[in-house]
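The values are calculated or read from the model by the stated rules, or taken from the named source; none is laboratory data. Since the model is a prediction, treat every value here as computed from it, not as a measurement. A quick note on method: Cβ atoms are made from the backbone with ideal geometry, for glycine too, and the neighbour counts reach across all protein chains shown.
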Amino acid sequence: MFKKILKSLLIFFTIIFIGTLLITLLNYFSLIHSNIISILKLLLPISSITIASFLLGKQSEKKGYIEGLKLGIIIILIFLTLILLLDRFTLKSLLYYLILVLTSILSSMIGINKNIK
């Protein structure tokens, strides 16, 4: 059970790392406008948690929403720890994390329904 969540976390952070690298390169070479960069920075965690939760749901046998909730909470706890250490906590960030958890739950539910039986 823990292996599936750990694998999904690895997928999530790999996508975040590669996406951050691409956004940084695009920003460095001024290939994209700064407004688009800020939108990409918001969409990167949402899309990566969607992919990781979907794959976790496909691996699960039942109750995909619980698996998505577990993954979402683990990721949010990691992010909240970093934000509290950096002293950048706002109410807006709390709403963003709620969106991430809901995305994780919904993606895992979709993934379990796409599971080949």
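Only one residue in Leu56, Leu40 is of a type outside the set (S, T, N, Q), surrounded by 15 or more Cβ atoms within 10 Å (Cβ to Cβ) and closer than 22 Å to Phe2 by Cα, so which one is that?
Leu56
Does the stretch 43-70 hold any residues that are under 11 Å from the mean Cα position of the chain (by Cα) and either of a type in the set (D, E, K, R) or modelled with pLDDT under 90 (or both), and which are they?
Gly68 - this is the single residue of the stretch 43-70 that is under 11 Å from the mean Cα position of the chain (by Cα) and either of a type in the set (D, E, K, R) or modelled with pLDDT under 90 (or both).
When the stretch 81-98 is examined, which residues are found to be closer than 25 Å to Ser60 by Cβ and either loosely packed, with under 12 Cβ neighbours inside 10 Å or out of contact with any helix residue (DSSP H, G or I) (no Cβ under 7 Å at 6 or more places or on another chain) (or both)?
Selection gives Leu98 alone.
Could you list all residues from the stretch 103-117 that are exposed (fewer than 15 other Cβ atoms within 10 Å of the Cβ) and modelled with pLDDT of 90 or more?
Correct list: empty.
Across the stretch 1-19, what is the total count of residues that are of a type outside the set (D, E, K, R) and surrounded by 14 or more Cβ atoms within 10 Å (Cβ to Cβ)?
9
Within the stretch 36-77, work out how many residues are among the basic types (Lys, Arg) and under 12 Å from Val101 (Cβ atoms).
Total meeting the criteria: 1.
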